[in-house]
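Working notes for the structure below.
The values are calculated or read from the model by the stated rules, or taken from the named source; none is laboratory data. Predicted model only: the values in this text are computed from it and were never measured. Cβ placement follows ideal geometry from the backbone for every residue including glycine, while neighbour counts extend to all protein chains displayed.
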Amino acid sequence: HAADTFRTDLMTITRHVLNEQSRHPESRGDLTILLSHIVLGCKFVASAVNKAGLAKLTGLAGETNVQGEEQKKLDVLSNEVFVNALVSSGRTCVLVSEEDEKATFVDPKLRGKYCVCFDPLDGSSNIDCGVSIGTIFGIYMIKNQDTVTLEEVLQPGKDMIAAGYCMYGSSCTLVLSTGNGVNGFTLDPSLGEFIMTHPDIKIPPKGKIYSVNEGNAKNWDTPTAKYVEKCKYPTDGSSPKSLRYIGSMVADVHRTLLYGGIFLYPADKKSPSGKLRVMYEVFPMSFLMEEAGGQSFTG
Ligand code: P6P
């Protein structure tokens, strides 16, 4: 009966990425190695997030634990893990992290051809109440890794070559695209492997959910206010949409990808250029949304 209980032909994220690599015969496997290091970082953060409540990791930095060790906030810890994993992959030359004021230029001896922009733990204000949080990353190619400058990091989103997020919630789900569709993988803690659970994700063509922080309504511009009004009071006889807003972008986008609908963080009087960060929130999530048959735009 083993066949009934255990799938014996598991599609792991490693196997999937290798399959993708074989679609590019000229590839030397650099992206495969880079992604394997990102996956390692996600496994580590998943483990730390799961223990957070117990190990009081959710406290503010500066507290000390029973061993008198300096407590690291989860997002500080996550950032260190990803920076170390990305540098040690030997496939990156510059890193842009939400946690670091300046870009990290990798030691020239350890450089590779990729730039990774990432938010190691987005939505971290939700950690203490157990709401899903996540890592978001976007990957660019750098023309000359030895002479890379900050200007080369500021590439348009359309030049991104891969993007993904890892959501740490009731389960740990990694959603990834390398430009050939979007696939979702769930961490099997007993194996320590991400197993493909959501092959070829496509956003439903119609959605009944809108996701926005209504608390900002007083600051919205007229077009935004009119759109949201239409979600609540449709004029075409359709039923009103449901509002779902978690306040953690990875969770709100993941639900939108799977269930359909719209997620919006409109610019308003308080945040004239919007609140979401372009490099490691907007571009990676837009890349995934478009690869899943959706759209992303600035309104
Ligand atoms: P607000 C979290 O801090 C974040 O960057 C995103 O994860 C989330 O979508 C947004 O901010 C929530 O912002 O203003 O609605 O709390």
- Message: I need the full set of residues from region 20-41 which are out of contact with any helix residue (DSSP H, G or I) (no Cβ under 9 Å at 6 or more places or on another chain) and modelled with pLDDT of 95 or more, in order please.
- Response: Asp30, Ile33
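Kindly indicate whether any position in region 227-244 is aromatic (Phe, Trp, Tyr), touching a strand residue (DSSP E or B) at 6+ places or on another chain (Cβ under 9 Å), at pLDDT 95 or above and assigned to a strand (DSSP E or B).
We begin by selecting, within region 227-244, every residue aromatic (Phe, Trp, Tyr); these are 227, 233.
Next, from what is left, pick out any that are touching a strand residue (DSSP E or B) at 6+ places or on another chain (Cβ under 9 Å): 227.
Checking which are at pLDDT 95 or above leaves us with 227.
Those still in the list that are assigned to a strand (DSSP E or B) too: none.
No, there is no match, as no residue in region 227-244 is aromatic (Phe, Trp, Tyr), touching a strand residue (DSSP E or B) at 6+ places or on another chain (Cβ under 9 Å), at pLDDT 95 or above and assigned to a strand (DSSP E or B).
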- Message: Just to be sure I understand, how many residues within region 246-263 are within 11 Å of the ligand (Cβ to nearest atom), surrounded by 16 or more Cβ atoms within 10 Å (Cβ to Cβ) and not in a helix (DSSP H, G or I)?
- Response: 3
- Only one residue in Gly179, Gly157, Gly184, Gly123 is modelled with pLDDT of 95 or more, surrounded by 18 or more Cβ atoms within 10 Å (Cβ to Cβ) and among the small types (Gly, Ala, Ser), so which one is that? Gly184
- Message: Among the numbered criteria (1) among the hydrophobic types (A, V, I, L, M, F, W, C); (2) away from the ligand (no atom under 12 Å from the Cβ); (3) under 22 Å from Phe137 (Cα atoms), which one does Ala225 miss?
- Response: (3)
- Item | Residue identified as within 14 Å of the ligand (Cβ to nearest atom), surrounded by 14 or more Cβ atoms within 10 Å (Cβ to Cβ), closer than 23 Å to Ile13 by Cα and in contact (Cβ under 8 Å) with a residue 24 or more places away in the chain among Pro266, Pro284 | Pro284
- Task: Check off (1) under 27 Å from Ser177 (Cα atoms); (2) within 16 Å of the ligand (Cβ to nearest atom); (3) in a helix (DSSP H, G or I) for Lys218 and give me the number that stays unchecked.
- Result: (1)
- What about Ile195, is it away from the ligand (no atom under 16 Å from the Cβ), closer than 28 Å to Ile33 by Cα, in contact (Cβ under 8 Å) with a residue 60 or more places away in the chain and in contact with a Gly (Cβ under 9 Å, 6 or more places away or on another chain)? no
- Message: Can you tell me which condition Tyr114 does not meet? The list is (1) more than 16 Å from the ligand (Cβ to nearest atom); (2) hydroxyl-bearing (Ser, Thr, Tyr); (3) modelled with pLDDT under 95; (4) more than 23 Å from Met196 (Cβ to Cβ), and all the others hold.
- Response: (3)
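Output the residue which, of all residues in region 26-44 that are charged (D, E, K, R) and buried (at least 17 other Cβ atoms within 10 Å of the Cβ), is farthest from the chain's Cα centre (by Cα). If you could, list the steps in order and put the result at the bottom.
First, pick out the residues of region 26-44 that are charged (D, E, K, R): 26, 28, 30, 43.
Next, from what is left, pick out any that are buried (at least 17 other Cβ atoms within 10 Å of the Cβ): 30, 43.
Values: Asp30: 21, Lys43: 14 Å.
So, considering only residues that are charged (D, E, K, R) and buried (at least 17 other Cβ atoms within 10 Å of the Cβ), the one farthest from the chain's Cα centre (by Cα) is Asp30.
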- Query: Within the bounds of region 267-278, is there any residue that is at pLDDT 95 or above, under 19 Å from the mean Cα position of the chain (by Cα), among the small types (Gly, Ala, Ser) and part of a loop (DSSP other than H, G, I, E, B)?
  - Reply: no
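Could you tell me which residue of region 87-99 is surrounded by the fewest Cβ atoms within 10 Å (Cβ to Cβ), considering only residues that are more than 16 Å from the ligand (Cβ to nearest atom) and of a type outside the set (Lys, Arg)?
Let us first name the residues in region 87-99 that are more than 16 Å from the ligand (Cβ to nearest atom), namely 87-95.
Retained after the next criterion (residues that are of a type outside the set (Lys, Arg)): 87-90, 92-95.
Details: Val87: 18, Ser88: 13, Ser89: 22, Gly90: 15, Thr92: 27, Cys93: 24, Val94: 22, Leu95: 21.
Per the criteria, the residue is Ser88.
So, in region 55-108, exactly how many residues are of a type in the set (Ser, Thr, Tyr), assigned to a strand (DSSP E or B) and at pLDDT below 90? Step through it out loud before you land on a result.
As a first pass, look at region 55-108 and keep what is of a type in the set (Ser, Thr, Tyr): 58, 64, 78, 88-89, 92, 97, 104.
Now drop any that are not assigned to a strand (DSSP E or B), which leaves 64, 92, 97, 104.
Then keep just the ones that are at pLDDT below 90; that gives 64.
Total meeting the criteria: 1.
Would you call Ala46 touching a Cys at 6+ places or on another chain (Cβ under 8 Å) and part of a helix (DSSP H, G or I)? Break it down into steps so the answer makes sense when it comes.
Values: touching a Cys at 6+ places or on another chain (Cβ under 8 Å): yes; part of a helix (DSSP H, G or I): yes.
Yes, satisfied.
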- Item | Residues that are modelled with pLDDT under 95 and either among the aromatic types (Phe, Trp, Tyr) or away from the ligand (no atom under 16 Å from the Cβ) (or both), drawn from region 126-146 | Lys143, Asn144, Gln145, Asp146
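Go through region 228-245 residue by residue and tally those that are of a type outside the set (Phe, Trp, Tyr) and within 16 Å of the ligand (Cβ to nearest atom).
So the first thing to find is which residues in region 228-245 are of a type outside the set (Phe, Trp, Tyr), and the list is 228-232, 234-244.
Subset that is within 16 Å of the ligand (Cβ to nearest atom): 228, 243-244.
The number of residues fulfilling the criteria is 3.
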- Task: List the number of the failed condition for Ile201; all other conditions in (1) surrounded by fewer than 17 Cβ atoms within 10 Å (Cβ to Cβ); (2) more than 14 Å from the ligand (Cβ to nearest atom) hold.
- Result: (1)
- Tell me which of these Asn219 doesn't satisfy, since it passes every other one: (1) under 26 Å from Gly169 (Cα atoms); (2) in contact with an Asp or Glu (Cβ under 6 Å, 6 or more places away or on another chain). (1)
